[in-house]
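Participant: Structure below; questions to follow.
The values are calculated or read from the model by the stated rules, or taken from the named source; none is laboratory data. This structure is a prediction, so every number in the text was calculated from the model and none was measured. Every residue, glycine as well, gets a Cβ built from its backbone with ideal geometry; the counts of neighbours run over all protein chains shown. Just the protein is used for accessible areas: all its heavy atoms, side chains included, with ligands, DNA and RNA removed. Shrake-Rupley method; radii C 1.70, N 1.55, O 1.52, S 1.80 Å.
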Amino acid sequence: MLALAAAPLLAQTFDQAVALHTAGRWREALAAYRAVAAAAAPAERAAALSNACLLETDLGDPGAALADCEEALDLRRRLADEAGVAETATNLGLALQALGRPQEAEARFREALAIDRGRGDGESVVIDLGNLGGLALAAGRYWEAMRLYRQGADLAARAANQTWSADQLQAMLLDEGVVLEKVGAYHQAVRLYQRLLAGAGGDERRRAALLVNAGVIYRNLDDGVSALAAFDRASAVFRRLGDLSSLSNVELNRGLALHLNLARPRAAEVAYRHALAFAERSGDRTEEVQDLFYLGRLLLAGGRLAEAETLFRRCLAVAEQSGSAEGRWSARDGLGRIAAARGDLAAALRLLEGALADIETVRAGLRQATWRAGYFGDKRAVYQATVEVLAGLERRQPGRGYAARAFGVVQRAMARDLLDALGGAGSAGLPRSAGELLPRLGADTLLEYFVGERRLFAWLLRGGGGVTLFDLGPPAPVGAAVVRAHHALATGGAPARRDLDALSATLLPPQLLPPPGGAQLRIAADGLLRYLPFELLQRRGARLPLVEEATLSYLPSGSALLGLAAVPAGPALAGLAVPRAPGARPLPAAERELRAVAALLGGRSLLYTGSAATEGAFRDAMRRHPRVLHLAAHAVVEEPPGEGAAIHLLPSGDDDGLLTPPEIAATAGGAGLAVLAACRTALPAGADDGRALGSLTGSFLAAHSRAVVATLWDVDDAATGAFMEQLYARLGRGVPAAEALRQVKQRLRADRRWDRPALWSAYVLVGDGGPVAPARGSDRLAGWALVVALALLGGALAFGARRGGGGSSRDAQHS
């Protein structure tokens with residue numbers, strides 16, 4: 001390598017560098033490019049620096065790549081080298097993307113795209129579209145990413161007579177498969193990978209890589225048998241090629257399928273050990289770290305603590321030597337679990353807190369919010385283990401502050417993407433400790449829940465008081481009861497009494513008392529508990545459910561309360577009603593509902609109905625800071641619940657009419673209260689991975705709305721109108737939103753036609769629900785009493801007829 005770098009013939013050195021680059025000998029190629037750059041004329045120096053930039057990004061040094069690409073781009077601009085400018089702009093965009101600067105990266109990719117389109121360079125245009133799709137994918141803009149990938153695939157397919165067409169078409173289709181994986185469309189992704197396999201021809205390495213991807217999909221679908229078949233075929237290819245690093249990866253995935261899908265721990269151990277041997281022979285430290293960790297976890301689960309400890313210590317040593325942050329936290333997590341299994345909770349806490357520090361350090365260095373959320377997503381188990389150790393220490397040594405420390409760990413594990421949006425990712429932002437939250441609670445009470453690996457926990461915080469930790473037992477029976485209760489409610493029935501009694505006894509601590517006066521009971525739920533309307537539960541010794549005892553509101557986490565700020569005063573109401581949307585059933589009551597609630601609330605209103613109810617109208621409404629934003633429309637909800645959620649508005653211009661959580665969270669402005677009069681708008685974002693911005697409620701809070709009224713299951717069109725008129729009659733008098741919602745529920749429970757929990761308990765308030773109008777006397781409500789009563793009666797009768805006759809409900813499923 002030294003002789004190559006010192007070679008005097010620059011042209012020969014450049015050709016050699018390209019050959020090394022193409023052969024995958026990247027570090028040697030980088031040294032050769034630097035030799036060229038040190039002695040060449042401007043054009044050759046620019047080419048060498050641009051190639052070096054690309055290599056440095058691939059080698060994980062985007063800082064050096066940035067400097068080289070910026071110099072190369074400047075040289076090529078001065079030389080008026082149009083093709084070179086496009087090439088280097090692309091490489092610079094990749095470096096900026098790696099540095100977490102997506103907006104700058106997008107500008108460079110779009111610059112390259114404009115030049116390449118002008119030059120008629122089809123291959124480069126496809127690459128540019130793929131790069132822009134990658135940015136959209138990283139940002140969670142899956143619809144946009146898929147659109148860009150399909151544009152690239154169509155262009156490559158139309159150029160079938162070009163030599164580059166087949167490779168670029170395969171790349172675009174592979175990227176489409178990644179999008180499908182991201183949105184949980186595993187079956188579609190498998191079918192796409194099968195198509196790619198059929199067209200991979202004689203490229204054995206590509207076929208083997210596709211087989212591994214397909215196997216991972218099968219494993220995620222819990223089809224371990226199909227996964228193993230795919231891994232076997234890929235393994236045979238990599239053995240023929242002598243690719244030891246890829247063999248290590250295949251054997252690791254084989255072990256995961258055997259271990260996690262097929263419950264065959266002995267066979268999994270063999271696969272993990274083969275993976276480790278291949279990694280050691282290839283010198284691939286990244287694979288070695290993963291193999292050591294997963295083998296250690298398998299032995300730990302089998303009670304082989306001494307063997308597992310040896311592996312985790314090796315894992316930590318290799319990780320520290322190679323600079324692997326993932327290896328460090330993984331090894332410390334494993335060693336902490338071993339210490340906990342041996343009863344040494346103090347040592348376990350030190351090790352697990354070290355693992356959390358590693359995770360948080362890496363996360364803080366990721367400048368792009370979606371990368372932070374994605375990185376954090378699969379680390380929840382470390383937070384669960386830490387909380388369980390702290391709970392054990394609290395049992396051993398009560399009153400030593402372990403309960404508050406455990407609460408602090410929970411704040412770091414829940415809704416982190418939303419907390420970043422509300423308070424910034426720095427140390428001065430969110431999350432916060434129990435000591436910081438208690439003064440903000442005032443007279444309110446907070447119940448925060450957390451689902452651990454083996455136990456369910458709750459913390460009771462009283463304003464001006466302290467923190468009490470409760471171990472509520474194993475989470476599985478609670479989760480099963482919640483699922484049964486939610487299913488009963490969502491299908492128009494009532495939860496079984498035994499389920500409500502069991503949930504009440506488990507979830508409501510004996511020390512819980514109704515907050516005094518106008519104070520609230522704030523619930524920060526976790527996991528499946530987010531599907532449960534707690535108003536139905538009954539405190540021990542009480543004769544009535546919580547809806548009659550306390551004003552309830554919900555939070556994504558306790559710390560979120562500290563990030564919810566007052567909204568500047570704007571119009572009283574901004575509302576959008578969509579009676580008809582493309583591909584959706586009509587909502588005949590939506591426009592009448594909007595006009596009725598505007599009259600009840602009083603003050604100045606901005607109403608967007610029919611063709612005016614577009615995404616642009618929504619953005620305009622949010623910029624005006626309305627005290628209330630009301631959306632009467634369909635909601636789009638994909639499976640699993642919460643994934644791919646959107647509000648169904650009207651398409652206009654570049655907007656497709658689907659108002660998604662990322663689009664909502666990025667909106668400037670905010671509302672004092674957002675009312676989402678649509679189906680299932682309160683459902684969470686899916687997996688318990690610390691995310692909240694994938695949900696509609698979380699995205700509205702991130703967009704600086706102080707509170708959101710949303711629904712836990714399908715709601716009928718006409719019945720929703722009646723419910724909303726009751727709600728707004730109280731909001732217009734200045735009743736705080738959380739209390740107004742409670743009063744409506746109490747009013748409906750008192751009417752025999754509505755005294756079914758499925759009719760009134762779907763509506764929940766998430767956030768900080770204060771008043772949205774000046775306080776007024778009861779004469780305003782009395783003046784509307786007859787109108788509301790008639791609407792209530794008509795809504796109840798219509799609801800009963802529509803549920804049995806297939807009437808409209810405010811949702812539209814995407815398959």
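Participant: Explain nothing, just the number: relative contact order of region 276-356, from Cα pairs under 8 Å at least 6 residues apart, as a whole percent. Show your work: numbers first, answer last.
Facilitator: Numbers: 97 pairs, mean separation 18.8, N = 81.
Worked out over region 276-356, it gives 23 percent.
Participant: Provide the per-residue ³J(HN,Hα) series for region 190-196, in order, calculated from phi with Karplus coefficients 6.51, -1.76, 1.60 and θ = phi - 60°, each as a whole number of Hz, with x at glycine and proline positions.
Facilitator: Calculated HN-Hα couplings, in order: 4, 4, 5, 5, 5, 4, 5 Hz.
Participant: Same structure, new question: Rounded, prolate or oblate: which fits region 63-159, taking a ≥ b ≥ c as square roots of the Cα gyration tensor eigenvalues, rounded meaning a/c under 1.5, else prolate when a/b beats b/c?
Facilitator: Numbers: a/c = 2.89, a/b = 1.23, b/c = 2.36.
Oblate, because a/c is 1.5 or more while a/b does not exceed b/c.
Participant: How far is helix 244-256 tilted, in degrees, relative to the longest principal axis of the Cα atoms in the chain, given as a value from 0 to 90 rounded to the nearest 10?
Facilitator: 30
Participant: Another question, then. Can you work out the FRET efficiency for the pair A488 and A198, with r the C-beta to C-beta distance and R0 = 41 Å, to the nearest 0.05? Mind showing how you got there, number by number?
Facilitator: Numbers: r = 46 Å, r/R0 = 1.13.
Given R0 = 41 Å and the Cβ-Cβ separation, E is 0.35.
Participant: Then there is this: Please report, in debye to the nearest 20, how large the charge dipole of the chain is about its Cα centre when each Lys and Arg carries +1 at its beta carbon and each Asp and Glu carries -1 there.
Facilitator: Numbers: 91 positive and 87 negative charges, 584 e Å.
Around 2800 debye, computed over the chain.
Participant: Taking the solvent-accessible surface of protein heavy atoms with a 1.4 Å probe, what is the per residue accessible area of region 142-295 in Å²? Mind dumping the intermediate values first?
Facilitator: Working: 7250 Å² over 154 residues.
Value returned for region 142-295: 47 Å² of accessible area per residue.
Participant: What distance in nm separates the simple spin-label points at T22 and D344, each placed 7 Å from Cα in the Cβ direction?
Facilitator: 5.6
Participant: Could you compute the FRET efficiency for A317 and Q103, with r as their C-beta to C-beta distance and R0 at 45 Å, rounded to 0.05?
Facilitator: Values: r = 40 Å, r/R0 = 0.89.
Efficiency for this residue pair is about 0.65.
Participant: Got a sec to turn the phi values of region 416-421 into Karplus ³J(HN,Hα) couplings, 6.51 cos²θ - 1.76 cosθ + 1.60 with θ = phi - 60°, whole Hz, x for Gly and Pro?
Facilitator: 5, 5, 5, 4, 4, 5
Participant: Let me ask something else. Taking the Cα centre as origin and putting +1 on Lys and Arg beta-carbons and -1 on Asp and Glu beta-carbons, what dipole magnitude results for region 561-652, to the nearest 20 debye?
Facilitator: Details: 9 positive and 7 negative charges, 99 e Å.
With only Lys, Arg, Asp and Glu charged at Cβ, the dipole is about 480 debye.
Participant: For the chain, give the share of DSSP beta bridges that are antiparallel, in percent and rounded to the nearest 5; count only bridges with both residues there.
Facilitator: 45
Participant: Please give the contour-minus-distance gain from A542 to R396: 0.36 nm per residue of separation, less the Cα-Cα distance, rounded to one decimal in nm.
Facilitator: On the way: separation 146, 0.36 × 146 = 52.56 nm, distance 3.21 nm.
In short, 49.4 nm is gained.
Participant: Sorted by accessible area (1.4 Å probe), largest first, how do S245, S695 line up? Don't skip to the answer; put the middle values down first.
Facilitator: Values: S245 35, S695 5 Å².
Of S245, S695, the descending order of accessible area is S245, S695.
Participant: Can you pull the percent of the chain's accessible area that's carbon plus sulfur, 1.4 Å probe, other chains left in place?
Facilitator: On the way: 17030 of 32200 Å².
Carbon-and-sulfur percentage of accessible area, whole number: 53.
Participant: Could you sort F407, F14 by their accessible area in this structure, using a 1.4 Å probe and putting the largest first?
Facilitator: F14, F407
Participant: Suppose only helical runs count, i.e. DSSP H with n ≥ 4. What mean residue ellipticity at 222 nm does that imply for the chain under -39500 (n - 2.57) per run, divided by all residues and rounded to the nearest 500 deg cm²/dmol? Display every interim value, and only then the final one.
Facilitator: Numbers: 36 runs with 479 residues, N = 815.
Taking each H run of at least 4 residues, the total per residue is -18500 deg cm²/dmol.
Participant: From the backbone phi of region 623-631, what are the Karplus-calculated ³J(HN,Hα) couplings (6.51 cos²θ - 1.76 cosθ + 1.60, θ = phi - 60°) in whole Hz, Gly and Pro given as x?
Facilitator: Running phi through 6.51 cos²θ - 1.76 cosθ + 1.60 with θ = phi - 60° gives 5, 8, 6, x, 5, 9, 10, 10, 10 Hz.
Participant: For region 161-316, treating each Cα as an identical point scatterer without solvent, what Debye log10 I(q)/I(0) comes out at q = 0.12, 0.18 1/Å?
Facilitator: The calculated log intensity ratios at q = 0.12, 0.18 Å⁻¹ are -0.55, -1.07.
Participant: Check which residues have an amide H placed less than 5 Å from R264's amide H, if you skip close sequence neighbours.
Facilitator: Amide H neighbours of R264: H259.
Participant: Let me ask you something else. Starting from 0.36 nm per residue, how many nanometres of slack lie between A750 and A599 once their C-alpha separation is accounted for? Show your work: numbers first, answer last.
Facilitator: Numbers: separation 151, 0.36 × 151 = 54.36 nm, distance 2.54 nm.
Gain in length upon complete extension: 51.8 nm.
Participant: Follow-up question, since we're still on this one. With each label point set 7 Å from Cα along the Cα-Cβ vector, what nm distance links R205 and L221?
Facilitator: 2.8
Participant: Sticking with this structure for a sec: Under a point-charge model restricted to the Cβ atoms of Lys and Arg (+1) and Asp and Glu (-1), what is the dipole moment magnitude of region 63-124 relative to its Cα centre, in debye to the nearest 20? Walk me through the numbers before you get to the answer.
Facilitator: On the way: 8 positive and 13 negative charges, 31 e Å.
It works out to roughly 140 debye.
Participant: Measure off 7 Å from each Cα along the Cα-to-Cβ vector at R158 and A502, then give the distance between these two points in nanometres to one decimal.
Facilitator: So the two model labels end up 6.0 nm from each other.
Participant: How high is the relative contact order of the chain, given as a whole-number percent (alpha carbon pairs under 8 Å, six or more residues apart)? Spell out each step's value before the answer.
Facilitator: Details: 1540 pairs, mean separation 55.7, N = 815.
So the answer I get is 7 percent.
Participant: List the trypsin sites (Lys or Arg not before Pro) within region 465-564 that fall in a DSSP loop (any state other than H, G, I, E or B) and whose Cβ has at most 13 other Cβ atoms within 10 Å. Let's see the in-between values first.
Facilitator: Working: sites: R484, R497, R498, R522, R530, R539, R540, R543; in loops: R539, R540, R543.
The qualifying sites are R540, R543.
Participant: Still on this model: Would you please give the residues with an amide H less than 5 Å from that of L650, counting only those at least 5 places away or on a separate chain, with H modeled from the backbone geometry?
Facilitator: Amide H neighbours of L650: T614, E615.
Participant: Moving on to the next point. Is the shape of region 144-240 best called rounded, prolate or oblate, per the rule: a/c under 1.5 gives rounded, else a/b larger than b/c gives prolate, else oblate, with a ≥ b ≥ c the square roots of the Cα gyration tensor eigenvalues? Don't skip to the end; give the middle numbers.
Facilitator: Values: a/c = 3.12, a/b = 1.31, b/c = 2.38.
Because a/c hits 1.5 or more and a/b fails to exceed b/c, region 144-240 counts as oblate.
Participant: Can you grab the distance from the C-alpha centre of region 322-353 to the C-alpha centre of region 483-540, Å, no decimals?
Facilitator: 36
Participant: Go through the chain and flag any cysteine with no other cysteine's C-beta closer than 4.7 Å, please.
Facilitator: Cys with no partner Cβ under 4.7 Å: C315, C679.
Participant: Identify, among G527, L260, F231, the residue whose Cα sits farthest towards the positive end of the charge dipole of the chain, taking +1 on the Cβ of Lys and Arg and -1 on the Cβ of Asp and Glu, with the dipole about the Cα centre.
Facilitator: Of the options given, the answer is G527.
Participant: I want to make sure I understand the PRE zone here: with the label point 7 angstrom from the Cα of D471 toward its beta carbon, which residues in region 379-418 have backbone N atoms less than 17 Å away?
Facilitator: Output list for this probe position: 384-407.
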